[in-house]
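Accompanying notes for the structure given below.
Bear in mind that the values in this text are calculations on the coordinates, not laboratory data. Remember, it's a predicted structure, so these values are computed and weren't measured experimentally. In this analysis, Cβ positions are derived from the backbone assuming ideal geometry, glycine residues included, and neighbour counts consider all displayed protein chains.
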Amino acid sequence: MEFIKRNFGKLLLILFCCGMTAYWFSAPYLAADRILEAAEQGKAEQLSSFIDFPALRANLSRQLRNQINVGLMEKDGANGADAANDLSNRLVDEIVTPQGIAALLGSGKVSSKEMTADGKAAEAALAAAGINIDLMKPSDVSGKPMDARYKLSEHYGDNLYQFEIELQNRDKSAEKVLISMERIGFFSWQVNNILLPFSS
C-alpha cells in the first residue's frame, strides 16, 4: 500500500500511456465500424467526415480511366484516350459525393438512378461504345444487412499508417470492395482509396 501511495503519480502516468497506446492501435477499427455503419444506414454527411475527397477522386478517376481506356483505345486510338479522361472524370463527379460513397460502400454499386444528366450522358456514351461499367448498375441487394451481403475483413496494411477494409460479396466471391484508409494526425483516419469491383 505504501508503494502505491509513493508511486501513485507514476502509476497513473503508466496507465494513461497504456490506454493511449491501446486507443492508438484500435482507432482504425473504431473508424471502420463507424464508416460501415454510416454507409449501411445511408448517413452520407456522417460518412463524409471520414473521406479524403481529393485523394479518393484522383484514385477513382485513375481506375475508371484505365477501365474505359481498354475499350476506347481499341476503337479510336489517341482520341479514345482523351475520351476516356473526359468520361472517367464525369463519372467520378457522380461517385465521389457523400451520397455516392454511401451507396458504393453500402452495396458495392452506384445506381444510375441517382445520377445527374451529365452522369447519365457519360454512362450512355460508354454503353454506345460497348463498354460496361458494372459499378454503375443499380444494386439488387438493398434491404439486406451488410453482414448478409459481405464477408468482412479489417486489418492494418503495409505499416501502422495504413488500414484496409475488405468487403467480399457473399453471392459473387470474385467481387470485392477494398477500402483503403490512412492515418490523419494521431487518432483520426480517412478513406483515401476504394478499389472497385469491376467484375460482374
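Compute the normalised compactness of segment 1-60: alpha-carbon radius of gyration over 2.2 N^0.38 Å, N being the residue count. Can you show the working numbers first?
Numbers: Rg = 19.6 Å, N = 60, 2.2 N^0.38 = 10.4 Å.
Scaled against compact globular proteins, the figure is 1.88.
What is the packing order of peptides 44-54, 13-23, 29-39, 93-103, taking the mean over residues of other C-beta atoms within 10 Å and listing the highest first?
Ranked by mean Cβ neighbours within 10 Å, highest first: 93-103, 29-39, 44-54, 13-23.
Compute the signed sum of charges (Lys and Arg +1, Asp and Glu -1) over the other residues within less than 14 Å, Cβ to Cβ, of Lys43. Could you put the intermediate results ahead of the total?
Values: positive: Arg34; negative: Asp33, Glu37, Glu40, Glu45.
Within the 14 Å Cβ shell, the charges total -3.
For Asp33 and Cys17 in one chain, what is 0.36 nm times their gap in residues minus the Cα-Cα distance, to one decimal in nm? Mind dumping the intermediate values first?
On the way: separation 16, 0.36 × 16 = 5.76 nm, distance 2.43 nm.
Result: 3.3 nm gained on full extension.
If you stretched the chain out fully between Thr116 and Phe25, how much longer would it get, using 0.36 nm times the residue separation minus the C-alpha to C-alpha distance?
Details: separation 91, 0.36 × 91 = 32.76 nm, distance 4.07 nm.
Stretched out fully, the Thr116 to Phe25 stretch lengthens by 28.7 nm.
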